[in-house]
Amino acid sequence: MIEKLLGRFSAVFLIVVFTMTIPYLLGNPTRPIFGKNSLFIQKIETQYFNNRPNIEKSYLEGVSLIKKSKCNRIGLNINGDDYEYPIWALLKEQKPVIQHYPVDNITKVYYEFEKFASFQPCAIINTNYQSEVRVQIYSP
C-alpha cells in the first residue's frame with residue numbers, strides 16, 4: 001500500500017517538476033529554441049555573446065588578429081567578470097597555452113614556479129577597456 005502511494009507521489013512530483021521547467025526551456029531569451037535567433041540556427045560564435053552582444057565584435061577581431069599572427073602563447077589581462085571562455089573556445093584549433101598575465105593578486109606566489117615564471121606570451125589579450133578587447137602581438 002505504501003509502495004503504491006510512494007510510486008504515485010513520485011510520478012505526480014516528476015510531472016509537476018517537469019511542467020515547471022517548460023517556461024525556462026521554451027522562453028529562454030538568450031538561447032531560444034524557436035525563432036530567428038534559435039540556438040539551432042545561430043552560429044556558436046554568436047551564441048557565446050548572447051548575454052553581452054556589445055563585446056562580440058571586439059572579441060572576434062582580437063581572436064582573428066591572434067590567429068593571423070600564429071601566436072600560441074597568450075597572456076590574459078582580464079577583470080573578474082570578463083568573458084574568458086570565448087577566447088579559449090575561439091582559439092581551440094591553435095591549441096594555445098593561455099595564462100593570466102601579469103598576475104598581481106594573491107595567486108602571484110604561484111607564478112614563482114618555473115612553469116609559470118618562464119611563460120613569455122607572444123600576445124596579450126587585455127579586456128580592461130570598456131566593451132573592448134585590445135590585443136598586443138609581440139615578435140619572437
Kindly list, by first and then second residue, each pair from a residue in region 95-109 that is more than 19 Å from Tyr138 (Cα to Cα) and outside the structural domain of Ile78 (by TED's automatic domain parsing) to a residue that is surrounded by fewer than 16 Cβ atoms within 10 Å (Cβ to Cβ) and basic (Lys, Arg), limited to pairs with Cβ atoms under 7 Å and residues at least 6 apart or on different chains. none
So, first residue without any contact (Cβ under 8 Å) to a residue 40 or more places away in the chain in region 1-24, second residue surrounded by 10 or more Cβ atoms within 10 Å (Cβ to Cβ) and part of a helix (DSSP H, G or I), Cβ within less than 7 Å, six or more apart or across chains; the pairs are none
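Residues being among the β-branched types (Val, Ile, Thr) and surrounded by 10 or more Cβ atoms within 10 Å (Cβ to Cβ): count how many of those fall in region 2-15.
Looking only at that region, the number is 2.
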So for region 16-33 (the condition being in a helix (DSSP H, G or I), in contact with a Ser or Thr (Cβ under 9 Å, 6 or more places away or on another chain) and surrounded by 14 or more Cβ atoms within 10 Å (Cβ to Cβ)), does at least one residue qualify? no
Considering only region 34-51, how many residues are closer than 22 Å to Glu84 by Cα, hydrophobic (A, V, I, L, M, F, W, C) and either modelled with pLDDT under 90 or part of a helix (DSSP H, G or I) (or both)? 2
(1) surrounded by fewer than 18 Cβ atoms within 10 Å (Cβ to Cβ); (2) at pLDDT 90 or above; (3) closer than 18 Å to Tyr138 by Cα all hold for Gly62 apart from (1)
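The values are calculated or read from the model by the stated rules, or taken from the named source; none is laboratory data. In this text the structure is predicted, and so the values were computed from the model without any measurement. Cβ coordinates were reconstructed from backbone atoms using ideal geometry, including for glycine residues, and neighbour counts include every protein chain displayed.
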